[in-house]
Amino acid sequence: MSRIRARFWDPAGVKHAIPTYPWRLAPAHLLTRRQLTAAGLRPGGQGVQAQIMWASRRHGAPGVRVAYLYDVRFALPKRTATPAQLVALDKANAARRTCPVCGRDAGYVLPRHLGTCLDCADAGEVAA
Ligand SMILES: [Zn+2]
């Protein structure tokens, strides 16, 4: 292992307070939040379990970079909306599409500055 990598090799968290691994050397059960999401999971209340540290040579942002890791064994499935929540969402969206003047579902969310559907807004302008 190179010296650079050894700098970030700290599985017991002696140097860095939490278990720390160099790039690519973290155990397979530790995933970033993004990796959890890709697997349909969320951290599920657990705190950060470990971190990956690496020296970035990216132009303009050199320095030590950190990615936080979560234990996949404590992860929970991503929340999906319940049927009741979907119904409530549908209702709320329908309300945002319904014109208070003509009472029709315009088929789009009413522009806030008009407060009516475009037809009623046009008619109002002609009448005015
Ligand atoms: Zn209308």
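The values are calculated or read from the model by the stated rules, or taken from the named source; none is laboratory data. For clarity, every value in this text was computed on a predicted model and none was experimentally measured. FYI the Cβ positions are ideal-geometry reconstructions off the backbone, even for glycines, and counts take in every protein chain you see. These area figures cover heavy atoms from the full protein model, side chains too; ligands, DNA and RNA do not enter into them. Shrake-Rupley method; radii C 1.70, N 1.55, O 1.52, S 1.80 Å.
Yes/no per residue for (1) of a type in the set (Val, Ile, Thr); (2) under 30 Å from CYS117 (Cα atoms):
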residue	(1), (2)
LYS15	no, no
ARG34	no, no
VAL64	yes, no
ALA67	no, no
ALA81	no, yes
LEU89	no, yes
ARG97	no, yes
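Looking only at residues of the range 31-47 that are open to solvent by less than 60 Å² (accessible area, probe 1.4 Å) and in contact with a strand residue (DSSP E or B) (Cβ under 7 Å, 6 or more places away or on another chain), we find that the one that is farthest from HIS16 (Cα to Cα) is GLY40. Picking from residues in the range 14-24 that are touching a strand residue (DSSP E or B) at 6+ places or on another chain (Cβ under 8 Å) and open to solvent by 40 Å² or more (accessible area, probe 1.4 Å), the one that is nearest to TRP54 (Cα to Cα) is TRP23. TYR68 fulfils the conditions (1) more than 30 Å from ALA26 (Cβ to Cβ); (2) open to solvent by 80 Å² or more (accessible area, probe 1.4 Å) except for a single criterion, (1).
Taking each residue of the range 101-116 that is open to solvent by 70 Å² or more (accessible area, probe 1.4 Å) and looking for partners that are part of a loop (DSSP other than H, G, I, E, B) with beta-carbon atoms closer than 6 Å, six or more apart or interchain, yields VAL101/THR116. Within the range 80-111, the set of residues being within 24 Å of GLY124 (Cβ to Cβ) and not in a loop (DSSP other than H, G, I, E, B) comprises ALA94, ALA95, ARG96, ARG97, THR98, ASP105. In the condition set (1) in contact (Cβ under 8 Å) with a residue 40 or more places away in the chain; (2) within 15 Å of PHE74 (Cα to Cα), ALA26 is compliant with all but (2). Taking the range 24-72 as the range and being of a type in the set (A, V, I, L, M) and assigned to a loop (DSSP other than H, G, I, E, B) as the test, the residues that pass are LEU25, ALA26, ALA28, ALA39, VAL48, ALA61, VAL72.
The single condition among (1) within 16 Å of the ligand (Cβ to nearest atom); (2) touching a strand residue (DSSP E or B) at 6+ places or on another chain (Cβ under 9 Å) that ARG79 does not meet is (1).
Just name the residue that is farthest from the ligand (Cβ to nearest atom) out of those in the range 117-128 that are at pLDDT 90 or above and open to solvent by 50 Å² or more (accessible area, probe 1.4 Å). Across the range 117-128, the extreme among qualifying residues is ASP122.
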